[in-house]
Amino acid sequence: MTELRDLERELGRFRARLVAAALFVLLCFGLLVARLVWLQVHRHAELSTQAEANRIAVVPVVPNRGLIVDRHGTVLASNYSAYTLEITPSRLEGALEATIDALAQLVDIQPRDRRRFKRLLEESKSFESLPIRTRLTDEEVARFMVQRFRFPGVDVRARLFRHYPMGEAGSHLLGYIGRISAAEKLAMQEWDEDRQANYKGTESIGKLGVEQSWERELHGTTGYEEVETSAGGRAVRRLRSEPATPGNTLVLSVDMQLQQLVEQLYGDRRGALVAIDPRNGEVLAFVSKPTFDPNLFVDGIDSDSWRELNESIDKPLLNRALRGTYPPGSTYKPFMALVGLATGKRTPQQAIDDPGYFMFGNHRFRDDKEGGHGLVDLYRSIVHSCDTYYYMLAAELGVDVMAEHLAPFGFGQLTGIDLEHEARGILPSTAWKKRAYRKPQQQRWYAGETISLGIGQGYNSYTILQLAQATAVLASGGQRHRPHLVREVVDVVDGQRRAVGREPMEPVAIRPEHLAAVRQALVGVNREGTSAGAFRGAAYTSAGKTGTAQVVGIKPNEKYDAAKLAEHLRDHALYMAYAPAEEPRIAVALVVENAGFGAQAAAPIARRVFDYWLQAVVPAPDDLVAVQRGQATAPVAPPVPASGPGVQP
């Protein structure tokens, strides 16, 4: 009986355990069923999308960047395809340096390539593919592909590279493209979603000049490919694709032959020149010297080249035409004359006696001519560049009246050119000085500060672009146009051309008789005045004004002697002009830094520009060298052709 009772007890325990186990199994199955229902029913749509995303990879297709051509169709910026050896640091199995050393046994990897890769590595994330060598030869590609199995995380990719076939010519107006920096990536987060999506897969962006300012037109529209992938991430087949749309072609108003000619005329000298069509605001030449080669930046500039450009005393990366500011010197006088006429402070016939200086208080403001010019009316004041005439006029006008009448010409104002980062310059006024300085004694305007403003010195500081625009306004009789470099945008899809010419701006009100008096004097400058030597024998009538601007001040009783000053401290040579004088088709403003007199260093450059634009005459080699050395006068021109690429309507 005892054994039976023990057996029954054991069976009872077994049954209890069996029931507990069954309940546990049922509970587990219940949980599995519940989970299955949750996943298959409630989260079906979400998980189906995730599964599809894991199965399908969307690969962006980067568009070809748009071309840039000049007004005659000469290609200034294009693209070409080349192979690039790239490393994805996160996928490497060995040490990075060891991998690069091993790769160097197969392809040529120079120290500059290593330095560039290190800089890119610091700016990028570990999962990004970074180039260690660009533009591989076919032989190098073949050598690597044979040994590819040894280098997980390293691959060869075909990439498009930007190319600037003109090299340094027009580098400041074109700009360049470069790898998107961390700061630019941060700025992109402020863009709308569509624009951000359009840059998926894009690694380069316009940095300066037209490349930056017209980025939207040049970039194009990014396409995509949907690729089915295996569990290991290997592409199995392409499902569908949307091709990328290349960027549009930009047709510039610039004549690259004229651009190159001007850069040759400058030689090794520093400076800037802007030529504008006063009839419509088209920029015909936009020169800043010295230049640089934008091709250096396309796949990342090496540290040695960057140091050479960035630390040079000549500042080749500075766009002097857009951002360099200079005192206008005597090129300011025609505009001052218009202010004097408009306010009634002067008439064309009214004359002053110039003893060679102007006394204001205890300070003597000297004229550049010892003993003075004698009796000087408006015509002689411009033709012979009499300082005393404009010292007296400035004292009578006052700084605020001058600022009020000169601002409409564009002095101290942004021109609105289709380039970013334009400098505003300084048009002095009492209000400007209060904004510019903090201390009350510095904010106060002193009457003596007004005198030197009349001859374009003092606080006056403007860009050559502003001076060119003001010259164009004068040439057009007061009509204003916003300067622009892009003439047309050509749609790459349908070939339609969209003109970019802007509507005229509100004109500057100039009385015809006042305009005629000043323009007559400007013609006299090139006939019998300071720049007559440069324009002797010209087949057209031109108008202009020379200028010399001080870089450093000299003591009141000390005479200026360029030989005693370091080259970078000598006076700037300036010139403004337009032609033909009767119906102007080109207006020019330029500066040759530290070159001295405008008549000697700057006016001859303008003469060659006019000869080319109006008559298709190109300087002879000897004449070109003479201009570069600042030793040229009137050129001995070859027979004028009846037509040619340089003759402009």
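List of remarks:
- Remark: the chain carries a charge dipole of roughly 1040 debye about the Cα centre, counting +1 on each Lys and Arg Cβ and -1 on each Asp and Glu Cβ.
- Expected-Rg normalisation [2.2 N^0.38 Å, Cα atoms] applied to the range 583-633: 1.15
- As a rough guide to protection, the peptides 598-605, 305-312, 244-251 ranked by mean Cβ packing within 10 Å, highest first, stand as 598-605, 244-251, 305-312.
- Between residue 163 and residue 567, the simple spin-label model (points 7 angstrom out along Cα→Cβ) gives 3.5 nm.
- With R₀ set to 56 Å, the beta-carbon distance separating residue 370 from residue 503 gives a calculated FRET efficiency near 0.65.
- Taking the centroid of alpha carbons for each part, the range 563-605 and the range 149-181 are 37 Å apart.
- Degrees between helix 2-37 axis and first principal axis of the chain (Cα, 0 to 90, nearest 10): 30 degrees
- Cα centre as origin, Lys/Arg/Asp/Glu Cβ charges: the range 267-342 dipole, Debye: 600 debye
- Dividing the summed helix terms, -39500 (n - 2.57) for each DSSP H run of n ≥ 4, by the number of residues in the chain produces a 222 nm estimate of -10000 deg cm²/dmol to the nearest 500.
- Sorted largest first, extent of the range 275-367 alpha carbons per principal axis (Å): 63, 42, 17
- Modelled FRET efficiency - R0 35 Å, residue 96 with residue 75, Cβ distances, 0.05 increments: 0.35
- Label-to-label distance, nm, for residues given as residue 139 and residue 438 (7 Å Cα→Cβ offset): 6.4 nm
- Cleavage-rule hits (GluC sites (Glu not before Pro)) in the range 164-193: DSSP loop, at most 10 neighbouring Cβ within 10 angstrom: 190
- Burial order of peptide ranges 108-121, 452-465 (average beta-carbon count within 10 Å, highest first): 452-465, 108-121
- DSSP beta bridges in the chain [antiparallel fraction, %, rounded to 5]: 95 percent
- For the chain, the solvent-accessible area of protein heavy atoms averages 49 Å² per residue (probe radius 1.4 Å; ligands and nucleic acids excluded).
- Considering only 105, 251, 60, and ranking their Cα positions along the charge dipole of the chain that arises from unit charges at the beta-carbon of Lys, Arg, Asp and Glu, the one farthest toward the positive end is 60.
- Here the accessible area of the chain is 53 percent carbon and sulfur, with a 1.4 angstrom probe and all protein chains present.
- Residue ranges 619-625, 131-137 sort as 131-137, 619-625 when ordered by packing (mean number of other C-beta atoms within 10 Å per residue, highest first).
The values are calculated or read from the model by the stated rules, or taken from the named source; none is laboratory data. Just so we're clear, the structure is a prediction, and the values are computed from it rather than from any experiment. Here the Cβ is made from the backbone with ideal geometry for all residues, glycine too, and neighbour counts use every protein chain on show. Only protein heavy atoms, including side chains, enter the accessible area calculation; ligands, DNA and RNA are left aside. Shrake-Rupley method; radii C 1.70, N 1.55, O 1.52, S 1.80 Å.
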